[in-house]
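To keep things clear, I will list the structure first and then write my remarks on it.
What follows draws every value from the coordinates through simple rules; no lab data is involved. Here the structure is a predicted model, which means the values were calculated and not measured. Cβ atoms come from the backbone with ideal geometry, glycine included; neighbour counts cover every protein chain shown.
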Amino acid sequence: MTHDHDHSHAHDHNHGQEHSHSHDHAHEHSYGHNHSHSQELTLEQKLEKLLGHWIDHNDSHKDTFVTWAHRAKDGGIDEIALNLEKAGQLSREVTKQLKDAQKKLKVFMEQELP
């Protein structure tokens with residue numbers, strides 16, 4: 001059994017801070033991003049963007065784990081289904097941590113406003 005999982009990233013840093021990257025997953029979703037910035041983003045702005053992306057990306061994987069857990073269970077592969085269900089549960093916890101960080105970052109950024 002093979003799992004094609006290809007992440008390709010292209011970055012063009014020409015001091016206009018334009019970069020793009022895409023994620024091509026063989027498991028039914030893909031992401032593409034193109035961010036143009038006239039100035040360098042602050043650490044907080046970068047984290048804000050990354051946290052949003054990571055939450056969406058992780059939730060997508062969680063959904064895939066759950067789907068395949070059901071398929072494995074329906075196929076009589078209960079031990080594999082349990083592993084995939086556990087991966088889905090762990091992904092929910094990862095998302096919870098990322099959302100908590102996102103909320104704290106928002107509060108931090110509001111406190112930093114002049």
Checklist outcome for this item: Once the in-chain neighbours fewer than 8 apart are removed, the lysines whose Cα is under 23 Å from Lys46 read Lys96, Lys99, Lys103, Lys104, Lys106
Item to check | Global geometry of segment 41-114, whether rounded, prolate or oblate, following the gyration tensor of its Cα atoms and the 1.5 cut on a/c | outcome: prolate
Checklist entry - Could you name the lysines in cross-link range of Lys73, using Cα to Cα under 23 Å and dropping any fewer than eight places away on the same chain? => result Lys62, Lys86
Next on the checklist: Let's see if you can work this out: charge +1 on each Lys and Arg Cβ, -1 on each Asp and Glu Cβ, no other charges. What is the dipole magnitude of segment 41-114 about its Cα centre, in debye to the nearest 20?
Outcome noted: 100 debye
Checklist outcome for this item: Net charge near Glu112 (other residues with Cβ under 14 Å of its Cβ; Lys, Arg +1; Asp, Glu -1) is -1
